[in-house]
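Here is the structure we will look at, set down as structure tokens.
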Amino acid sequence: MSLPRTLVRSLADVLPAIVLTGLVAVAMSRAVPELDGRLVVIGAAGLIGIAAAEAVGATLRRLMPELPVLEPPARAAMPAAPSFAPPVEYTPVRTSGFEAFTLAKIGSSPEENEDAFAIDEVRMVMALSDGASSSFGASVWSRLLVDGITSASGVSPAGVDAVVADAALAWSAHHQSVEVAWWAREGLERGAFATLLAIDLRAGQDRDWRALAVGDTCVFHLRLNGNEWSLLASFPVSSSADFSSHPQLVSSVGGSPLPLEIRGVVEAGDVLIGATDAVAEWLLGSSARFRLAAEGPLDVIKESIVEARMDRTMVNDDATFVRYRAS
């Protein structure tokens, strides 16, 4: 299409607007005699100028060839960062004296639970671990640690060292099996961190028990005296005021601290409680809570923990509770 014809067509498109602008100017001058005629003319000229500019723009748009619409490139999928362990369906086993559950923090899915526990009912060994949320792959690390403890030949300082070494190799292999996102590589190099509590309920004699711990995941030994439960041992933390945001941790890249150790003897009817830090701190805050922990049905204990997190008497953190009742 030629320029003259295009310009004429564009002017025809905006002609109604120009005519309407003139009519408005005349109407304004007659309806409001006080207005200075020059102001009306200036205003009308401005409106006509806008209409003319639109005509020129329409002309240029007609003369320019249509450009293809460019779609933005699809956003590349972020490489997988396998920082979560597959969720484990825990089925409490009451016949052997063990009961247990774990809950993810409020607002998190079960897959994001960085606590883990494992129980070997035959060898009478249980293990709990609380993965540090600030570290990469914490849930994978805590799961490897507890599975390693319950699969090891025994609970001892040397045995824990061997479990940690094997778990570190497995943790590294897990994250090398898929591509890790670029933004997670620095965390991968720093490694994962977690607490670890290993309890052997048949250490030496049938009634002896032994526990090794790194961090603030706790074991409590309770015994019923009359109508009251006595706290015979609280390890490795003995007061709710002693919990901090920087406990000692087992590392997937080496340099872990030596575990602390405790030994004891259980009698029939005694209860041992294993608990990650949020639950342990909550229990140490009231003797009535220890009665609940020792006597209460598992569902009631679970509901009490949920309520405590809701009313902020317990920190909103992953919560793991394991109970063993000696027969």
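Cβ-Cβ contacts under 9 Å between residues 6 or more apart (or on different chains), taken from a first residue in segment 281-296 that is in contact (Cβ under 8 Å) with a residue 40 or more places away in the chain and more than 23 Å from GLY215 (Cα to Cα) to a second residue that is of a type outside the set (Asp, Glu) and surrounded by fewer than 15 Cβ atoms within 10 Å (Cβ to Cβ), are absent. Residue count for segment 275-294 under the criterion of being surrounded by fewer than 21 Cβ atoms within 10 Å (Cβ to Cβ) and outside any helix (DSSP H, G or I): the result is 2. In segment 167-190 there is no residue that is within 21 Å of ARG323 (Cα to Cα) and without any contact (Cβ under 8 Å) to a residue 60 or more places away in the chain. Out of curiosity, is SER135 touching a Leu at 6+ places or on another chain (Cβ under 9 Å), under 27 Å from ASP242 (Cβ atoms), surrounded by fewer than 24 Cβ atoms within 10 Å (Cβ to Cβ) and hydroxyl-bearing (Ser, Thr, Tyr)? Here the answer is yes, as SER135 does meet what is asked. Scanning segment 302-325 for any residue that is hydrophobic (A, V, I, L, M, F, W, C), surrounded by fewer than 16 Cβ atoms within 10 Å (Cβ to Cβ) and either farther than 30 Å from ARG190 by Cα or not assigned by TED's automatic domain parsing to the domain that holds GLU111 (or both) turns up at least one such residue.
Among the residues here, SER156 qualifies as modelled with pLDDT of 90 or more, of a type outside the set (D, E, K, R), farther than 23 Å from ILE305 by Cβ and assigned by TED's automatic domain parsing to the domain that holds PRO236. Of all residue pairs spaced 6 or more apart or on separate chains, none has beta-carbon atoms under 7 Å together with a first member in segment 245-262 that is not assigned by TED's automatic domain parsing to the domain that holds VAL146 and a second member that is modelled with pLDDT under 95 and in a strand (DSSP E or B).
Does any residue of segment 62-77 turn out to be assigned to a helix (DSSP H, G or I) and either basic (Lys, Arg) or at pLDDT below 95 (or both)?
Scanning segment 62-77, I find at least one residue that is assigned to a helix (DSSP H, G or I) and either basic (Lys, Arg) or at pLDDT below 95 (or both), so the answer is yes.
Filter segment 213-267 down to the residues that are assigned to a loop (DSSP other than H, G, I, E, B) and among the aromatic types (Phe, Trp, Tyr) and list them by number. Of everything in segment 213-267, just one residue is assigned to a loop (DSSP other than H, G, I, E, B) and among the aromatic types (Phe, Trp, Tyr), namely PHE243.
The values are calculated or read from the model by the stated rules, or taken from the named source; none is laboratory data. From a predicted model like this one, the values you see are computed outputs, not experimental measurements. When we count neighbours, we look across all protein chains shown, and the Cβ atoms used for this are built from the backbone with ideal geometry, even at glycine.
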